[in-house]
Amino acid sequence: MKNTVRIPLIEGAENIEKALELQGARFDVCQVNWPESFPYAPLCAGRIARTKDALVVSWRVSGLGLTVRNTADDGSIWEDSCCEVFVKDPSAADYYNIEVNAAGFLLVGRGPDRNNRVRLPLEATSRIRRIGGCKAPVDNADDLVNWSMTVVIPFDLIGLDPRYLPEMLLGNFYKCGDKTAHPHFLSWAPVQTPNPDFHRPEFFGTFLLD
């Protein structure tokens, strides 16, 4: 059975973080898909909700080390201490990858698979609101660090008309850090591949929209 999360509608929220904490649906990013090669698993959990015109996702992370070397949007964000949400309209060919590091710098792409992706321009990614994050650059190898990040992603930025949203989306949540002191590759919905590969929509779970 595929992982499923129901995304509630938050209306008229002046404080989006407080509303998300009280009304958002919880998810845990705890699947260690490649334990022999990458056994390390920082704690990572989050909440998801939506407004009338945006998807709202937050993550809270606790783990060893903190790395942010990419200090601008559209960099190699996955190499840093990073959280990600991938999302797809079931009726569309493309899915979107939204990747954010611990300082709030983003990479957003779209395409049908790993090899055929187009990165969204900076004027588009700048529309994604980021709340939280650390100062950058930082490269801390072994201290126990806690950090959080919230992103507010306009629906039209990910190919959805907010007036006519589908009843469900497909997607996954990830926690990674390819070039951190303790490399890790965690997911919400399991990914059944021999090696780390998050660009596998066949393993996406289900996002039900209220």
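The values are calculated or read from the model by the stated rules, or taken from the named source; none is laboratory data. Since we're looking at a predicted model, the values are computed, not measured. Positions of Cβ are generated from backbone atoms using ideal geometry, with glycine treated the same way; all protein chains shown enter the neighbour counts.
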Based on this model, can you work out whether residue 121 counts as modelled with pLDDT of 95 or more, surrounded by fewer than 14 Cβ atoms within 10 Å (Cβ to Cβ) and not polar (S, T, N, Q)? yes
Find the strands (runs of 3 or more DSSP E) located wholly in region 133-210 whose residues include 1 or more that are farther than 26 Å from residue 51 by Cα, and list them. 138-154, 168-176, 185-187
Sole miss for residue 52 among (1) in a strand (DSSP E or B); (2) exposed (fewer than 13 other Cβ atoms within 10 Å of the Cβ) is condition (1)
Quick one: is residue 18 within 22 Å of residue 210 (Cα to Cα), touching a Phe, Trp or Tyr at 6+ places or on another chain (Cβ under 8 Å) and among the charged types (D, E, K, R)? no
Note on residue 180: of the conditions (1) crowded, with 18+ Cβ neighbours inside 10 Å; (2) closer than 18 Å to residue 56 by Cβ; (3) hydroxyl-bearing (Ser, Thr, Tyr), unmet is (2)
Here is a list: 153, 131. Which entry is of a type in the set (Val, Ile, Thr), crowded, with 18+ Cβ neighbours inside 10 Å and either modelled with pLDDT of 95 or more or under 22 Å from residue 209 (Cα atoms) (or both)? 153
In region 1-49, the residues that are in contact with a Ser or Thr (Cβ under 6 Å, 6 or more places away or on another chain), assigned to a strand (DSSP E or B) and not basic (Lys, Arg): 4, 31, 43, 46
